[in-house]
1. Let me spell it out: the conditions are (1) within 16 Å of ligand 1 (Cβ to nearest atom); (2) not assigned by TED's automatic domain parsing to the domain that holds residue 265, and residue 164 meets all of them except one. Which number is the exception?
2. Can you tell me how many residues in the stretch 99-124 are within 24 Å of the chain's Cα centre (by Cα) and within 15 Å of ligand 1 (Cβ to nearest atom)?
3. Examine the stretch 285-304 for a residue that is modelled with pLDDT of 85 or more, part of a strand (DSSP E or B) and on the phi < 0 side of the Ramachandran plot, and state whether such a residue exists.
4. I need the full set of residues from the stretch 1-30 which are within 13 Å of ligand 2 (Cβ to nearest atom) and in a loop (DSSP other than H, G, I, E, B), in order please.
5. Report, by residue number, each residue of the stretch 128-162 that is in contact (Cβ under 8 Å) with a residue 60 or more places away in the chain and either assigned to a helix (DSSP H, G or I) or more than 16 Å from ligand 2 (Cβ to nearest atom) (or both).
6. Considering every residue within the stretch 41-57, establish whether at least one is within 7 Å of ligand 1 (Cβ to nearest atom) and closer than 20 Å to residue 214 by Cβ.
7. Taking the stretch 1-31 as the search range and keeping residues that are modelled with pLDDT under 95 and buried (at least 17 other Cβ atoms within 10 Å of the Cβ), which one is farthest from the chain's Cα centre (by Cα)?
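The values are calculated or read from the model by the stated rules, or taken from the named source; none is laboratory data. In this text the structure is predicted, and so the values were computed from the model without any measurement. Backbone-built Cβ (ideal geometry, glycine too); neighbour counts: all protein chains shown.
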Ligand SMILES: Nc1nc2c(ncn2[C@@H]2O[C@H](COP(=O)(O)OP(=O)(O)OP(=O)(O)O)[C@@H](O)[C@H]2O)c(=O)[nH]1
Ligand SMILES: [Mg+2]
């Protein structure tokens, strides 16, 4: 079982120009302090590529510049949409004037997918981008009506396709991370065991949400108590988690170790825990020390993981009492995956452009 090659996953980000594709990747890469970069982005010329690893996966992102000359180019040749594992199609929710144009382009994309014998069970994510809290709050009814209109149109024009809908904003990074991670989950090794233990932990402790992240901030597994329809509450929880992501990004960049950190936000307690595993599990103690030293120069054998919980204040003691047990279970499952895919590869662990 050990030393299997990692699976390569092709993720395509598509949509009209200005939809927010590159911004999404910038947020995803940087995790914090990216606002200036996002505000000053130039339109993407042709395609930007981005690679990173995620447990047993090698991720290849294709950020397809959406100006009309490039769109024309992509739909003339099959290769761009060949062997897709996840298609994320962005529709700018703030740009109602271009909904029809966007749906027209999606139908061109589907034309190519049909040529390249696209398998129907490969997920198609429709992402309503730029759904900023500020925008929704000013006119929630208008926002809901726009979403409903696009959904209706898509189901009418493309009855044979199954869509998964997401809402994202660059100002709430977790919305983006959550969407991308959901797309990758079906390809993850060991996911079911990890998910079952997190659900069991959540049930026992009656917390609101528990999330396991890898060191790049991708979600390996998460669980939340039944989602309320309360937009304000959901948004607040998402923003707390976005704050955690920002924090992880800084810890990783500065190579800092913590055990845990907690905060209180209204009726919620939020805690995040950092733990680490050695990718090369046959090492002796002495060698481990060297590995930790080398970590500072980006050693691919060593990786942190993060576990975040959000809990009503009343339940937080119970949740914290059981934390050692759940983290040790999660570590065991992760080790199995790491042993199976142990060998370092030509890819860097650190994000590369
Ligand atoms: N309000 C808001 N603006 C955003 C968001 N995401 C991106 N933008 C802005 O939208 C503009 C276009 O973003 P890009 O990421 O360059 O769009 P793109 O889809 O990559 O465009 P092309 O490369 O031409 O295909 C930039 O000015 C961003 O600052 C968002 O979530 N909310
Ligand atoms: Mg772009």
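1. (1)
2. Selection size over the stretch 99-124: 3.
3. First pass over the stretch 285-304, keeping only residues modelled with pLDDT of 85 or more: 304.
Of the ones still in play, those that are also part of a strand (DSSP E or B) are 304.
Next, from what is left, pick out any that are on the phi < 0 side of the Ramachandran plot: 304.
Yes, the stretch 285-304 has at least one match.
4. Residues satisfying the conditions are 16, 17, 18, 19, 20.
5. Correct list: 133, 136, 140.
6. Looking through the stretch 41-57, none of the residues is within 7 Å of ligand 1 (Cβ to nearest atom) and closer than 20 Å to residue 214 by Cβ.
7. So, considering only residues that are modelled with pLDDT under 95 and buried (at least 17 other Cβ atoms within 10 Å of the Cβ), the one farthest from the chain's Cα centre (by Cα) is 6.
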